[in-house]
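Step one of this worksheet: look at the structure below.
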């Protein structure tokens, strides 16, 4: 609870601050801004929310300057970058775990392959199932159903937003800050603050700049 | 890890990193930077077109 509260509290602070910084300093580089949000905000839900806010803010500022971008590109950049981080964290953690248990801290107990399945986050199966069903609806059914799919996804998006708000609300309700403070929350928060604002967001900005500077979303016709 | 464990761990003196841990951190950082350079090179020679 302590660590999840810490991550969520910082994610909320980041969602409130970083999109406005992106609008002020990166509005001429919309995809750098999108990638930066994906790299800097820790939790997936907050990163996507931050990407959405950044897209709205930057598109509004660009529109005021007479540039009208196609919607969706900044948010898609944030989401793609975030998902790639998740995938690579998983792969890297697995490799390090394998090296540690098989070459460094070799105990009499050998981890079995079944351990992978036991630790596998099963909700991923839900993602795969929804993706497979959506793909089948889009390409394996009648053109009428495929045409209705974007509207159906839009309807489902309402639930995404509701559950996202409920997640933050639940953690807020369950977080007893007085108790957290007594348990060393302040010290952990200080370490997190220094590493986040002193290191993570700058490295994220550098990497985003290296890969996305000069790449602009297509203009709306 | 329970919250009591975490509280105790926060109060405990800092443990120095083991040589093998330093080696793993070094390799992780080195590989990360090496792959970053490779990706930057690919990005430079095969730029994205939207």
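Any read-out appearing in this document is the output of simple, stated calculations on the displayed coordinates, not a laboratory observation. Predicted, not measured: the structure shown is a model, and the values here were computed from it. Counting neighbours? That spans all protein chains shown, and the Cβs are built from the backbone with ideal geometry, glycine included.
Per-structure values
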quantity	calculated
Cβ-based exposure ranking for B:21, A:14, A:29, in which fewest neighbours within 10 Å come first	B:21, A:29, A:14
Contour excess over end-to-end distance, with Cα ends at residue A:130 and residue A:152 and 0.36 nm allotted per residue	6.6 nm
Ranked list, fewest to most other Cβ atoms within 10 Å of each Cβ, for A:161, B:14, B:46	B:14, B:46, A:161
10 Å Cβ neighbours from other chains, averaged over peptide B:13-22	1
Packing-based exposure ordering (other Cβ within 10 Å, fewest first) of B:15, B:8	B:15, B:8
Volume per residue of the C-alpha convex hull in the protein assembly as shown, rounded to whole Å³	188 Å³
Segment residue A:142-residue A:190, length gained on full extension (0.36 nm per residue, minus Cα span)	11.7 nm
Inter-probe distance in nm under a simple model that places probes 7 Å from Cα toward Cβ, at residue A:87 and residue A:164	2.1 nm
